[in-house]
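Just below is one structure, and these are the notes that go with it.
Just so you know, all these numbers are worked out from the coordinates, no wet-lab data involved. What you see is a predicted model, and the numbers here were worked out from it, not measured in a lab. Because the Cβ atoms are built from the backbone with ideal geometry, glycine has one as well, and the counts that use them run over all protein chains shown.
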Amino acid sequence: MAEVETTRDGGVLTITLNRPDVLNAFDSAMHRALAAALKEARDPEVRAVVLTGAGRGFCVGQDLTEFRDAPGDIGERLRRNYHPNILALRALEKPVLAAVNGPAAGAGLSLASACDLRIAADNASFVPAFIGIGLVPDSGGSFFVARLLGHARAFEWMTSNRKLTAAEAHAWGLVSEVVEADAFAARAAELAATLAAAPTRGIAMTKRLFDAAATSTLEEQLELEAQLQAAATRTDDFAEGVSAFLTKRPPEFRGS
């Protein structure tokens, strides 16, 4: 059984973490399989990516039995396994949707937070987990959660180990939508198809703008906006968008 499975539907690539017996906890083999899936996601024919989990869970972070069996240096394990995949995920020049179908904890929470959008099934839950075993956030958890929730709320949550329901995560702004479990897969597919039909390069450049906004001065951000807007006007999708607007028809974006 593959530790990570990929399927395609038109321009949508779905990446499914596939260790359901352990709620998709990470081991080294799953990291390698995820790296391969993220490489596949770079294909220009892929215009949106869905990241989800098999079975009852999204991902509950590191498989602690691997630590017990092969302890090693946790810092080096993070640098070797987690960091490249988080960076590869963020480097994708297309929208990435986390479809959180069940518990997301520890590095699984970090992984979901690294995606561009998050929706949750109504039976999903979100747990920091790190502090519960005396650890600190990793895999970008401190970076992404603080940006999503703000410093004060992120610190309080990550140090309390409080379990959030899907409804609480929605109220906090951690996820944008909560869907009944029975309708969740269909809604994730619908949203991903909508993203895949959008102007992909425009979305990619919008990602880069928001990435830069956290550390840029206003002057720097204005300049970056000008540069990327100039690049956007040279895309086929911009020409199509203007033509569709002027002729009062729905645009047909091709992601180029």
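With only alpha-carbon atoms counted, please give the Rg and Dmax of segment 200-246, in Å.
12.1, 38
Segment 1-141: Rg/Rh from Cα coordinates, Kirkwood Rh? Display every interim value, and only then the final one.
Values: Rg = 14.1 Å, Rh = 14.9 Å.
Here the Rg-to-Rh quotient is 0.94.
In debye, nearest 20: dipole of segment 150-250 around its Cα centre with unit charges on the Cβ of K, R (+) and D, E (-)? Write out the running numbers ahead of the final one.
On the way: 10 positive and 14 negative charges, 26 e Å.
Once rounded to the nearest 20, the dipole reads 120 debye.
Return Ser113, Ser125 ranked ascending by Cβ neighbour count within 10 Å, so the fewest neighbours appear first. Intermediate results must be reported in sequence, preceding the final value.
Values: Ser113 26, Ser125 20.
Ranking Ser113, Ser125 by Cβ neighbours within 10 Å, fewest first, gives Ser125, Ser113.
Rank the residues Leu164, Leu224 as a footprinting-exposure proxy: fewest other Cβ atoms within 10 Å of their Cβ go first. Intermediate values should be presented prior to the final figure.
Numbers: Leu164 21, Leu224 17.
Exposure proxy ranking, most exposed first: Leu224, Leu164.
In debye, nearest 20, what is the charge dipole magnitude of the chain about its Cα centre with +1 on Lys and Arg Cβ and -1 on Asp and Glu Cβ, if you could check? Display every interim value, and only then the final one.
On the way: 26 positive and 32 negative charges, 25 e Å.
My answer is approximately 120 debye.
Reachable lysines from Lys94, Cα under 21 Å, same-chain residues fewer than 8 places away excluded?
The qualifying lysines are Lys39, Lys207.
Starting from 0.36 nm per residue, how many nanometres of slack lie between Ala214 and Thr65 once their C-alpha separation is accounted for? Walk me through the intermediate numbers first.
Working: separation 149, 0.36 × 149 = 53.64 nm, distance 3.70 nm.
Computed gain between Ala214 and Thr65 is 49.9 nm.
Return the long-range amide H neighbours of Asn24 (sequence gap of 5 or more, or a different chain), with a cut-off of under 5 Å between placed amide H atoms.
Arg19
Could you work out the longest stretch of the chain that avoids the GluC sites (Glu not before Pro) located in DSSP loops with at most 13 other Cβ atoms within 10 Å? Intermediate values should be presented prior to the final figure.
Working: sites that count: Glu45, Glu180, Glu252.
Value returned for the longest uninterrupted segment is 46-179.
What residue among Leu222, Ala112, Leu148 has its Cα farthest toward the positive end of the dipole of the chain, where the charges are +1 on Lys, Arg and -1 on Asp, Glu, each on the Cβ?
So the residue we want is Leu222.
Sort 52-65, 139-152 by the packing proxy (mean of other Cβ within 10 Å over each peptide's residues), most packed first.
On the way: 52-65: 21.7, 139-152: 17.9.
Going from most to least packed, we get 52-65, 139-152.
Which ³J(HN,Hα) values in Hz, rounded to whole numbers, follow from the phi angles of segment 81-96 under the Karplus curve 6.51 cos²θ - 1.76 cosθ + 1.60, where θ = phi - 60° and Gly and Pro get x?
9, 7, 4, x, 6, 5, 5, 5, 4, 5, 7, 4, 8, 6, x, 10
Apply the Karplus parameterisation 6.51 cos²θ - 1.76 cosθ + 1.60, with θ equal to phi minus 60°, to every residue of segment 123-129 and state each ³J(HN,Hα) to the nearest whole Hz, in sequence, with x for glycine and proline.
These are the phi-based 3J(HN,Hα) values: 9, 6, 8, 9, 10, x, 6 Hz.
Report the convex hull volume per residue for segment 67-172, counting only C-alpha atoms, in Å³. Walk me through the numbers before you get to the answer.
Details: hull volume 11.1 nm³, N = 106.
About 105 Å³ per residue, rounded to a whole number.
Find the percent of Cα-Cα distances in the chain that exceed 24 Å, and round it to a whole number. Numbers along the way, then the final one.
Values: 16149 of 32640 pairs.
The proportion of pairs with Cα distances above 24 Å equals 49 percent.
Using a 10 Å cut-off around each Cβ, can you sort Lys207, Lys248 from fewest to most neighbouring Cβ atoms? Please list the in-between numbers first.
Numbers: Lys207 18, Lys248 6.
In order of increasing Cβ crowding within 10 Å: Lys248, Lys207.
Tell me, what HN-Hα J-couplings in whole Hz come from the Karplus equation 6.51 cos²θ - 1.76 cosθ + 1.60 at θ = phi - 60° for each residue of segment 140-150, using x for Gly and Pro?
After applying 6.51 cos²θ - 1.76 cosθ + 1.60, I find x, x, 5, 6, 6, 5, 5, 6, 7, 10, x Hz.
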